[in-house]
Amino acid sequence: MTKRLTGRLVIATHNRGKLWEMQELLKPHGIDVVAAGELGLAEPEETGATFAANAVLKARAAADAAQLPALADDSGLCVDALGGAPGLHSARWAELAPGGARDFAAGIKKVEAALHEAGAAPPYNAHFISVLALAWPDGTTEIFEGKINGTLVFPPRGTKGFGYDPIFLPNGLSRTFGEMMMEEKQAIPADGSPALSHRARAFQAFARVCL
Ligand code: IMP
């Protein structure tokens, strides 16, 4: 049985960008958001075999430790001609640059090289996926999914956004995610029509049930 969220919610991420995005999305709903890091919670290893398993693992660890509801997300880029890769390993394909930051230019080059190696030809169909897990201290967990289909373009276009945004062209649009302002990519339409990004779509599904 679904419960509505009130009061405090832990955001089970140690990624500052994701935390900021979640805080922005939750702000209008009067939820008191606290980050897992602020509570001194450790970040569990992402050992799950699916996006949902990883999201649940992160949310569950935080809910149990804090005895509060906790929200976590897991996301990635899945390319058809690569059998769904980089998928769960999207962050890992962007090798660590000196200083510990991910090098997404390298990640993008790796996707392009893998497509050539696979003998794939355009259109390179792909999708972004985001799975949100909400874990309650009583042991129950709920899952919400958002997906957006598109094609990959090379060379990359645009300098906005992050990760694989510059190569992802959503179906039916003429600009890549890298050519869009964050507000446009992440907006939640007030009239209830579908949001654009996978993460915003997952959030819409979550908000419909829990807020
Ligand atoms: P996570 O932290 O395990 O969910 O890693 C997700 C990875 O997928 C990110 O590091 C990016 O590589 C990629 N990714 C997920 N969502 C997006 C997006 O909206 N734009 C670009 N890359 C994304």
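Some observations on this one:
- Over the range 8-210: Rg over Rh, Cα atoms, Kirkwood Rh: 0.97
- On a per residue basis, the chain carries 49 Å² of accessible surface, using protein heavy atoms and a 1.4 Å probe.
- Note on the chain: dipole from Cβ charges, positive end direction compared against Leu82, Leu19, Phe104; the farthest Cα belongs to Leu19.
- Accessible area ranking (1.4 Å probe, heavy atoms, ligands and nucleic acids excluded), largest first, for Trp136, Trp93, Trp20: Trp20, Trp93, Trp136.
- Percent carbon-and-sulfur accessible area, the chain, ignoring ligands, DNA and RNA, probe 1.4 Å: 55
- Residue among Leu41, Leu57, Leu88 with the largest mean-square fluctuation in a Gaussian network model of the chain, springs linking Cα atoms under 10 Å: Leu41
- Net charge dipole size for the range 8-210 [Lys, Arg +1 and Asp, Glu -1 on Cβ; Debye, nearest 20]: 300
- Only lysines eight or more places from Lys27 in sequence, or on another chain, were considered; those with a Cα closer than 16 Å are Lys18.
- Between the range 45-78 and the range 120-199, the Cα center-to-center distance that results, in Å: 19
- Filtered trypsin sites (Lys or Arg not before Pro), the range 153-203: DSSP coil and at most 16 other beta carbons within 10 Å: Arg157, Lys160, Arg175
- Extension reserve of the Asn171-Val209 stretch, reckoned as 0.36 nm per residue once the Cα distance is removed: 10.9 nm
- Stretchable slack from Asp64 to His89, in nm (0.36 nm times residue separation minus alpha-carbon distance): 6.4 nm
- C-alpha long axis of helix 198-210 to longest principal axis of the chain, angle in °: 20
- Relative contact order, whole percent, for the chain stands at 18, derived from Cα pairs under 8 Å and 6 or more residues apart.
- Neighbour count of at most 13 Cβ within 10 Å plus DSSP loop: longest GluC sites (Glu not before Pro)-free window in the chain: 96-211
The values are calculated or read from the model by the stated rules, or taken from the named source; none is laboratory data. Please read these numbers as outputs of a predicted model, since none were measured by experiment. When we count neighbours, we look across all protein chains shown, and the Cβ atoms used for this are built from the backbone with ideal geometry, even at glycine. These area figures cover heavy atoms from the full protein model, side chains too; ligands, DNA and RNA do not enter into them. Shrake-Rupley method; radii C 1.70, N 1.55, O 1.52, S 1.80 Å.
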